[in-house]
Amino acid sequence: MAFELYSVIFAVLFACGCLVLLLVVQAVLVSMRLKPKKNQSPRHGKVVLHQMPPNSRVLNVSPSCLKLETYLRMNKIPYESDYSFRMSSKGKVPWIEYNGTSVADSNFIVRFLNEEFQLDPDAHLSVEEKAIAHTMLVTLEENTYWTLIYHSFVADLADTRSMSPLLGVTPIPLNYVMSWLASHYLRQNLWGHGIGRHSREEIYSIAERDLRAVSQVLGTKRFIMGSKPCLLDAAIFGLVAVFLWNVPHSPQAKLIRSQLKNLEAHCYTIKEEYFPDWDELILKNTNSLDY
């Protein structure tokens, strides 16, 4: 009896040791693939946009990355994308390099580039419209965005595990460990933000109120403030595109498709206007992990 017990204990310990070894090997291999390339020579006069690679559903799973790339295209700023998982000095994406200067956070990047290129995507707006646009942008990025994080990393982690640009190509069982760690980390962020202290139903109701408000302001207009796009249009596109195409089964996406059809139409308008190469970019850069 004692011999059988020791045999079972040994088998369990051996299996655990093999699992740990497998995880270590997988982690080393993934980290080698993610190792950044050596710095290339500076590209004077061209913005280098550092962002995550696309997955098969959407050009970027980060609304901020999509917003910034849309802003660059709206304003015809010359740029090239560096698809990688290199984070900025602030530990975030997107970030840019321009003429030897690195800038992190999409809103600080926009301000920096507005000064560098002497432009203002909101120049055609009235003072009141600028105030409304700013308030709506903050609402989307500091409130609605977190309902997306909740859905992706708490409510539907299995889908995120398969569709994340990183987790989707990370082998089992490492992707389960990494997704659990990411979920745990983001749950803490959600709790610290405050939105994570609410129930599932309350969180989705917050998203609904935000999206309905944007839809009401948009109305039947082509762009949020009229016939010409502004920075807020890029931000709306970034978030709505991720809802619609990356998490199509989320309550937010279902709401947009069924009741807030003007937001869906706006999303397609931006895509057709500024991303005629959308599908080509996804096909070319999906799972770009050879860094």
task = Can you tell me which residue among K35, K67 is modelled with pLDDT of 95 or more, within 30 Å of T160 (Cα to Cα) and not polar (S, T, N, Q)?
result = K67
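Quick one: in segment 60-73, which of the residues that are open to solvent by 30 Å² or more (accessible area, probe 1.4 Å) and part of a helix (DSSP H, G or I) is farthest from D120 (Cα to Cα)?
Start the filter on segment 60-73 by keeping residues that are open to solvent by 30 Å² or more (accessible area, probe 1.4 Å), which leaves 61, 64, 73.
If we keep only those that are part of a helix (DSSP H, G or I) as well, we get 64, 73.
Numbers: S64: 19, R73: 14 Å.
Residue satisfying both the conditions and the ranking: S64.
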task = Restrict the check to segment 184-198 and report whether at least one residue is more than 27 Å from S162 (Cβ to Cβ), part of a helix (DSSP H, G or I) and without any contact (Cβ under 8 Å) to a residue 40 or more places away in the chain.
result = yes
ask   = In segment 211-286, which helices (runs of 4 or more DSSP H) lie fully inside it and hold 2 or more residues that are among the polar types (S, T, N, Q) and out of contact with any Lys or Arg (no Cβ under 9 Å at 6 or more places or on another chain)?
value = 251-258
task = State the number of residues belonging to segment 140-182 that are without any contact (Cβ under 8 Å) to a residue 24 or more places away in the chain and either basic (K, R) or open to solvent by 30 Å² or more (accessible area, probe 1.4 Å) (or both).
result = 9
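Looking at segment 211-232, can you tell me whether even one residue there is open to solvent by less than 40 Å² (accessible area, probe 1.4 Å), of a type outside the set (A, V, I, L, M, F, W, C), on the phi < 0 side of the Ramachandran plot and under 19 Å from the mean Cα position of the chain (by Cα)? Outline the logic, then answer.
Step one: list which residues in segment 211-232 are open to solvent by less than 40 Å² (accessible area, probe 1.4 Å), which gives 211, 214-215, 218-219, 223-226, 229-232.
Okay, now just the ones that are also of a type outside the set (A, V, I, L, M, F, W, C), so 215, 219, 226, 229.
Those still in the list that are on the phi < 0 side of the Ramachandran plot too: 215, 229.
Narrowing further to those that are under 19 Å from the mean Cα position of the chain (by Cα): none.
Within segment 211-232, not a single residue is open to solvent by less than 40 Å² (accessible area, probe 1.4 Å), of a type outside the set (A, V, I, L, M, F, W, C), on the phi < 0 side of the Ramachandran plot and under 19 Å from the mean Cα position of the chain (by Cα).
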request  = Looking only at segment 241-260, decide whether some residue is farther than 30 Å from E128 by Cα, aromatic (F, W, Y) and more than 19 Å from the chain's Cα centre (by Cα).
outcome  = no
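Do we find that L190 is modelled with pLDDT under 90 and either over 18 Å from the mean Cα position of the chain (by Cα) or open to solvent by less than 40 Å² (accessible area, probe 1.4 Å) (or both) in this structure?
Details: modelled with pLDDT under 90: no; either over 18 Å from the mean Cα position of the chain (by Cα) or open to solvent by less than 40 Å² (accessible area, probe 1.4 Å) (or both): yes.
Taking the combined requirement at face value, the residue does not satisfy it.
Restricted to segment 86-95, and to residues that are open to solvent by 40 Å² or more (accessible area, probe 1.4 Å) and of a type outside the set (D, E, K, R), which residue is nearest to V61 (Cα to Cα)?
Step by step, filter segment 86-95, then rank; the result is M87.
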ask   = So Y274 fits all but one of (1) farther than 21 Å from P165 by Cα; (2) loosely packed, with under 15 Cβ neighbours inside 10 Å; what number is the exception?
value = (2)
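The values are calculated or read from the model by the stated rules, or taken from the named source; none is laboratory data. These figures come from a predicted structure and were not determined experimentally. Glycine gets a Cβ as well: all are built from the backbone with ideal geometry, and neighbour counts include every protein chain shown. Ligands, DNA and RNA are stripped out before the accessible areas are found, and what is left, the full protein with its side chains, is counted by its heavy atoms. Shrake-Rupley method; radii C 1.70, N 1.55, O 1.52, S 1.80 Å.
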